[in-house]
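Peer 1: Quick one: the structure is below, and I'll ask about it shortly.
The values are calculated or read from the model by the stated rules, or taken from the named source; none is laboratory data. Being a predicted model, the structure only gives us computed values, none of them experimental. So basically every Cβ, Gly included, is an ideal-geometry build from the backbone, and we count neighbours across all protein chains shown. To get the accessible areas, we keep the full protein, side chains included, count just its heavy atoms, and leave off ligands, DNA and RNA. Shrake-Rupley method; radii C 1.70, N 1.55, O 1.52, S 1.80 Å.
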Amino acid sequence: VAEDLSIDGKMTITDPTMGAEDFSFIAETVPSVFLFLGQSDAMNPPSHYGLHHPHFAIDEEVLPLGSRLHVELALKTLEKLRREQSCDEI
């Protein structure tokens with residue numbers, strides 16, 4: 001889904017990180033994915049700072065793409081669950 005929605009058709013798979021996210025507790029129980037949404041060229045606005053740094057700035061033009069990504073993932077998941085439920089009823 002991410003590759004299909006990306007502006008240039010590219011998606012980068014990153015190595016696992018040791019970030020301190022409570023999300024991992026959810027992922028132990030529910031199938032999950034953690035996504036990093038790339039943004040800008042670090043110049044508009046200038047943002048070479050990390051996410052939690054007080055000078056971090058985001059290029060807000062990337063936000064609609066992030067929203068669309070979440071919507072598409074939700075729709076595909078719902079469709080998959082519907083198909084699985086239909087198969088179970090047969």
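Peer 1: Collect the residues in segment 47-63 that are exposed (fewer than 12 other Cβ atoms within 10 Å of the Cβ) and either modelled with pLDDT under 75 or part of a loop (DSSP other than H, G, I, E, B) (or both), keeping them in residue-number order.
Peer 2: Those that are exposed (fewer than 12 other Cβ atoms within 10 Å of the Cβ) and either modelled with pLDDT under 75 or part of a loop (DSSP other than H, G, I, E, B) (or both): HIS48, GLY50, LEU51, HIS52, HIS53, PRO54, HIS55.
Peer 1: Quick check: is even one residue across segment 71-87 farther than 15 Å from PHE36 by Cβ, part of a loop (DSSP other than H, G, I, E, B) and either at pLDDT 90 or above or of a type in the set (A, V, I, L, M) (or both)?
Peer 2: Within segment 71-87, none of the residues are farther than 15 Å from PHE36 by Cβ, part of a loop (DSSP other than H, G, I, E, B) and either at pLDDT 90 or above or of a type in the set (A, V, I, L, M) (or both).
Peer 1: Test GLY66 against the stated conditions and say whether it is within 20 Å of the chain's Cα centre (by Cα), under 14 Å from ALA2 (Cβ atoms) and without any contact (Cβ under 8 Å) to a residue 60 or more places away in the chain.
Peer 2: Against the criterion (within 20 Å of the chain's Cα centre (by Cα), under 14 Å from ALA2 (Cβ atoms) and without any contact (Cβ under 8 Å) to a residue 60 or more places away in the chain), GLY66 qualifies.
Peer 1: Name the pairs: first residue in segment 1-16 and in contact (Cβ under 8 Å) with a residue 60 or more places away in the chain and in a loop (DSSP other than H, G, I, E, B), second residue open to solvent by 100 Å² or more (accessible area, probe 1.4 Å) and of a type in the set (Lys, Arg), Cβ to Cβ under 8 Å, at least 6 apart or on different chains?
Peer 2: Once the first residue is in contact (Cβ under 8 Å) with a residue 60 or more places away in the chain and in a loop (DSSP other than H, G, I, E, B) and sits in segment 1-16, its partners that are open to solvent by 100 Å² or more (accessible area, probe 1.4 Å) and of a type in the set (Lys, Arg) give VAL1/LYS76.
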